[in-house]
Amino acid sequence: MSQENSKSAQHQRTKVNYSDQEVEQGHGGETHQTAADGNQILTTQQGIPVSDDQNTLKIGSRGPSALEDFHFREKIFHFDHERIPERVVHARGYAAHGYFETYESLAEYSSADLFQRAGEKTPAFVRFSTVAGNKGSFDLARDVRGFAVKLYTKEGNWDIVGNNIPVFFIQDAIKFPDLIHAAKPEPDRAFPQAQTAHDNFWDFVSLMPESIHMIMWIMSDRAIPRSFRTMEGFGVHTFRLVNAEGKSTFVKFHWKPKQGLQSVVWNEAVKINGADPDFHRRDLWDAIQSGDYPEWELGMQLFDEDFAEKFDFDVLDATKIIPEEEVPVRPVGRLVLNRVVDNFFAETEQVAFCTQNIVPGIDFTNDPLLQGRNFSYLDTQLKRLGGPNFTHIPINAPKCPFHHFQQDGHMAMHNPKGRANYEPNSWGAEGGPRESPTKGFTSYPAHESGYKERIRPESFADHYSQARQFYISQTAVEQNHMADAIVFELSKVERPDIRVRVVSHLLNVDEGLAKKVAEGLRLQEMPAPAKAAKPTRKDLKESPALSIIKNGPESFKGRKIGVFLSDGADSELFKALQDAAKAEGTMVETVTPMVGGVKLSDGSWVEGKQKIDGGPSVLYDAVVILLSDEGVKTLVKEPTARDFVADAFAHLKFIGYTDAAMPLLQKAGIAESLDEGCIKLQSADSLSSYIVSCRKLRFWGRESEVDPV
Ligand code: HDE
C-alpha cells in the first residue's frame, strides 16, 4: 500500500460516525458500543472507542512516537503484566467443569449437605496436572498427576486436592521444599525439565527411605497414564466424616474412572511427548467436546478409630494405603465432566485449590503432611494471584450465598454493604451476618495432649512392607515395566554411589526386583541391603486393586484407532471399520500421505485428519493399515510410514492389516513376527473381531518378543 493510500485508509478509519453506532447497556451498568454492521467496536479498558489499532500515534508518519498515546500505553502495559507466577508445583494442568451426583444419603456418617440427598447434584471444577514440569512442559512426563476437585456445595466450597497415586514421598510437610527442589531441574544447569531421571532426585529419595513406597508407584505405569480419563484419583490423607451427632468416622477418598485404568508404555510416552506434547489436554478437550463425558465414581473407605488401631501402620502416615481388600471402597456418587472452560487463564490458571477448604460434616486429621498443606495452599494463592481477594475471581467464588465482614485489599470486587463492617454490633437487622453455633462449621473435638517436640512417631517407621506389597500385586508385565523404569532413570544418574544406594533399598522391597535392576545397571557387586528401621513384612497379601492391568476397561469405548489409508484402499473395509468402531463407541482417526485425503477403491474421497508424519501410531490405541497395492509402493520408502507400523508393533498394539500392507510390514521388519495381536482384515466380520481384540488394549503376549532384556 502506498503511503498516500494508507494515509487515506487511516483517515477513513479515523472518521467515526457516531450516528452509525448504538450505545447499549450491558450488565453491571457497563456500556458497550456497536457499529452499524452489528460488530462491537474495539475500546480501551476505560471503554473509549479505538479508531486505529495498527499504528502508534506519531509526529509525522516517520517521526517519533507521542507519549500521549494512551491506547498504545494501556495496551502494552497490560500485555507486560499478562503472566502470573506459575504454580511452584503442578504448574502444567488442564481442567473442566462438571458435577458430582450423590447416590444415596450418607447422613449416618456425615452432615455435609452434599451427602444428604440421593440425586443431589453439586457443581464441580476439576484440574489435572503433572507435578515437576513447568507450565509449558509436555503431558507424558513420568510423574505423579494432580487430581484436584472443587465442589461448589450449598454450604461452601470443598476442595479435595488429591493425586492419581494414593501415597506420598514424605511423611512430614517440612520436607516438601527439599523434595521439590530435588525433583525440579538442578539449580545450576536448569535441566532436566519435567523428569526425575537425574542425580538430585535419586540422591534425595535414596536418603529418605520413607519415599520408597511412592517410588514403586511412580516407577510403575501409573506415572504414564493414557489419559486423565483413565486414571484413579485419591485424597491420599485420612480425613474425617462427622455426622449431625458429632460422631467421627475416618475416611479415605478414591475416584475410580468409569473408563477403567490404562497407561501407555514408556517408549511410547517419550515419542508422544515429541509428536503431541498436549496429548492429555487434547484428549480431555476432544472427549468432552464430542459428548463422551468422562466419569469417575467417588468411593470411600470408612473405618473408625478402633479399627484404625488394628493396622500395624499409622493411618496418619501418608506413605501408607489401606488395601481395598481390607476396607472395601464404597461408591457414594459420581463425578461427570461435561463442559470445557471458556477461557484457560480465567479458569484453569486462576483456580485456587486449598486443602483447608472443607465444609461442615468433613474434618481434618493430624496427618502432619495435611496439617502442613493447610498452611501452604492459602499462602501460595496469595503469591500467585496477587492479593487476598482471589475468592472474588468467579472460578473461586462459592456458588452459595456468602456474607462476611472482610473488606478492601487489592482488586476487591465486592465489599460489605451498609454501615456495619464489624461484629458484634447493635445495628439490628441491618447489622450484617451473624455466626450460627448450630449451622456453622464446628471442628471435631478430638482430645489432644502431648509434649511439644520435633519427633517422628514410631508408628511411621515401616518403610518397606507396603512397597513390597505394591510390587508383588503387579502382573509380570507390570513388574518388568517397573524394573525397566528404575533402570532407565538410574542410567541417567551420573554418580554410581547413588545408583548403588537405590539398589540397597530395593533389596528390602523384593530381591528379584533388586537383582533385575542391578543387572540392568550392570552393577558388578550387589550392595548390602539398606539399614531398615523396621524389617520388611513378607506376609502382606497381594492386592489386585493395585494393578492397572487387572483393572482395565471392558470395552474399547472412548479410545482411538488410527487408520492409515492410501489411494485405492478398500472402501468396504473402511466403511465396515467405521461401523464396527461406532458400535463400540471407539473413535477412528484417518492418517494419510497428504492431509487433503485419499481416493478409496470405490472412488469416494476421505479427508486425512493427520498427515503421516504428524500422526505417528503413538497417538492411537490401536491401528489399521489399509493400503492398496499401488499405494504401498511409495509408502515403503517413507520412514514415517515404516515407523508407524514398527512402533505400533513395539508398543504391543493390536494391528489390523490387509495383504496389500505386507511390503510395508516387511520394510518395518515385522512381517516375520506377526502374532495374534496382528489381525488380518478380510471381511466386515473380521473387523468386529479386531475390535473385540482391541478391548484388551494391548497384546501383552508380545512383550517378551519386543523387550527381551
Ligand atoms: Fe500440593 N501443593 N503440597 N500436594 N498439590 C500445591 O498449591 C504442598 C501434596 C496437589 O491444580 C501448591 O496452588 C505441600 C500432596 C495438587 O491447582 C502448593 C505439600 C498432594 C496441586 C502445594 C504438598 C498434593 C498441588 C502449588 C506437602 C496429594 C495442584 C500451587 C505437605 C494429596 C492444585 C498451589 C491445582 C499444589 C503444597 C503435598 C496435591 C505449593 C506443602 C500429598 C493436585 O501449595
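In summary, the lysines within cross-link reach of Lys256, defined as a Cα separation below 24 angstrom excluding same-chain residues under 8 places away, comprise Lys121, Lys150, Lys320, Lys541, Lys550, Lys557, Lys560, Lys696.
Spin-label model, Arg522 to Tyr103: label points 7 Å out along the Cα-to-beta-carbon direction sit 5.4 nm apart. Applying 0.36 nm per residue to the separation of His392 and Asp37 and subtracting their alpha-carbon distance, the gain on full extension is 124.2 nm. When shorter helices are ignored and each DSSP H run of at least 4 residues is given -39500 (n - 2.57), the per-residue value for the chain at 222 nm works out to -8000 deg cm²/dmol. With 5 Å bins beginning at zero, the pair-distance distribution over Cα atoms of region 43-152 amounts to 2, 10, 11, 10, 8, 8, 10, 11, 9, 7, 5, 3, 2, 1, 1, 0 %. The calculated Kirkwood hydrodynamic radius for region 241-346 is 17.4 Å, given to one decimal from all distinct C-alpha pairs.
Counting lysine pairs in region 360-456 whose alpha carbons fall under 26 angstrom apart, excluding pairs fewer than 8 residues apart on the same chain, gives 4. Taken one residue at a time, the phi angles of region 148-156 give Karplus couplings (6.51, -1.76, 1.60, θ = phi - 60°) of 9, 10, 10, 10, 8, 7, 6, 10, x Hz. Gly and Pro are set to x. Net charge dipole, the chain: roughly 660 debye, given to the nearest 20, about the Cα centre with Cβ charges of +1 for Lys and Arg and -1 for Asp and Glu. Cα gyration tensor of region 451-586, axes a ≥ b ≥ c as square roots of the eigenvalues: rounded (a/c below 1.5), prolate (a/b > b/c) or oblate? Prolate, because a/c is 1.5 or more and a/b exceeds b/c.
Could you tell me which of rounded, prolate or oblate describes region 91-148, using a ≥ b ≥ c as the square roots of the eigenvalues of the alpha-carbon gyration tensor, with rounded for a/c under 1.5 and, failing that, prolate when a/b is larger than b/c and oblate otherwise? Judged from the Cα gyration tensor, region 91-148 comes out prolate (a/c at least 1.5, a/b above b/c). Binning the alpha carbon pair distances of region 138-292 at 10 angstrom intervals from zero yields the distribution 9, 31, 35, 18, 6, 1, expressed in whole percent.
As a rough guide to protection, the peptides 552-563, 240-251 ranked by mean Cβ packing within 10 Å, highest first, stand as 552-563, 240-251.
Kirkwood Rh, Cα Rg: Rg to Rh for region 203-278? Rounded to two decimals, Rg over Rh is 1.13. Distance between the C-alpha centres of region 125-146 and region 494-530: 29 Å, rounded to the whole angstrom. Ranked for footprinting exposure by Cβ neighbours inside 10 Å, fewest first, Met482, Met216, Met413 give Met413, Met482, Met216. Comparing Cα centroids, region 618-642 and region 340-415 end up 51 angstrom apart. The share of alpha-carbon pairs in the chain lying farther apart than 45 Å comes to 34%. Ranking Phe405, Leu369, Ala346 by Cα position along the charge dipole of region 344-421, where only Lys, Arg, Asp and Glu carry charges on their C-beta atoms, puts Phe405 farthest toward the positive end.
In the distance distribution for region 151-209, Cα-Cα pairs more than 18 Å apart total 50 percent. Taking amide H as placed 1.01 Å from N in the peptide plane, Asp567 has its amide H under 5 Å from the amide H of Lys599, each at least 5 places away in sequence or on another chain.
Debye-formula intensities of region 544-633, expressed as log10 I(q)/I(0) at q = 0.15, 0.17, 0.26 Å⁻¹, are -0.58, -0.70, -1.33 (one equal scatterer per alpha-carbon, no solvent).
In this rough spin-label picture, where each label sits 7 Å from Cα along the Cβ direction, the Ile59-Lys439 distance is 6.6 nm. Net charge dipole, region 104-213: roughly 420 debye, given to the nearest 20, about the Cα centre with Cβ charges of +1 for Lys and Arg and -1 for Asp and Glu. Among Cys400, Cys694, Cys678, the order by Cβ neighbours within 10 angstrom, fewest to most, reads Cys400, Cys678, Cys694. Of the peptides 133-141, 324-332, the order by per-residue mean of other Cβ atoms within 10 Å, starting with the highest, comes out as 133-141, 324-332.
Counted residue by residue at 0.36 nm each, then reduced by the alpha carbon distance between them, the extension gain from Ala461 to Glu630 reaches 54.1 nm. Between Cys400 and Asp685, the contour length at 0.36 nm per residue exceeds the Cα-Cα span by 97.1 nm. Short-range pairs are left out: with C-alpha atoms under 8 Å and at least six residues apart, the relative contact order of region 549-616 is 34 percent. Candidates Pro64, Leu523, Phe313 compared by Cα position along the dipole of the chain: farthest toward the positive end lies Pro64, with charges placed on Cβ. Remark: relative contact order (the chain) = 11 percent; criterion is Cα-Cα distance under 8 angstrom and separation of 6 or more residues.
In order along region 232-249, the Karplus-derived 3J(HN,Hα) couplings, from 6.51 cos²θ - 1.76 cosθ + 1.60 at θ = phi - 60°, round to 7, x, 9, x, 6, 6, 7, 10, 10, 9, 10, 8, 4, 8, x, 7, 9, 10 Hz, and Gly and Pro are given as x. The distance linking region 552-613 with region 66-112 is 38 Å (Cα centroid to Cα centroid, whole angstrom).
Taken about its Cα centre, region 194-308 carries a charge dipole of about 200 debye when Lys and Arg each add +1 at the Cβ and Asp and Glu each add -1 at the Cβ.
Counting every other Cβ atom within 10 Å of each residue's Cβ, Phe470, Phe176, Phe390, Phe70 order from fewest to most as Phe70, Phe176, Phe390, Phe470. For region 366-525, the normalised intensity computed at q = 0.11, 0.13, 0.15, 0.20 Å⁻¹ comes to -0.80, -0.89, -0.99, -1.26 (log10 of I(q)/I(0), Debye sum over alpha carbons, equal scatterers, no solvent). Assign one of three labels to region 470-535, namely rounded, prolate or oblate, based on the Cα gyration tensor with a ≥ b ≥ c the square roots of its eigenvalues; rounded applies when a/c is under 1.5, prolate when it is not and a/b is larger than b/c, and oblate otherwise. Judged from the Cα gyration tensor, region 470-535 comes out oblate (a/c at least 1.5, b/c at or above a/b).
Residue ranges 219-226, 447-454 sort as 219-226, 447-454 when ordered by packing (mean number of other C-beta atoms within 10 Å per residue, highest first). Taking only alpha carbon atoms, region 593-709 gives an Rg to Rh ratio of 0.95, where Rh is the Kirkwood radius.
For region 43-108, the Kirkwood radius over C-alpha pairs fed into Stokes-Einstein at 37 °C and 0.692 mPa s yields D = 192 µm² per second.
Within the chain, antiparallel bridges make up roughly 80 percent of the DSSP beta bridges whose residues both belong there.
Under conditions of 10 °C and 1.306 mPa s, region 643-706 yields 134 µm² s⁻¹ as its translational diffusion coefficient, taking Rh as the Kirkwood radius over Cα pairs in the Stokes-Einstein equation.
Since every read-out is calculated from the coordinates, none of them should be taken as a lab result. Treat the numbers as computed from the prediction; the structure is a model and nothing was measured. Using ideal geometry, Cβ is built from the backbone for each residue, glycine included, and neighbour counts are taken over all protein chains shown.
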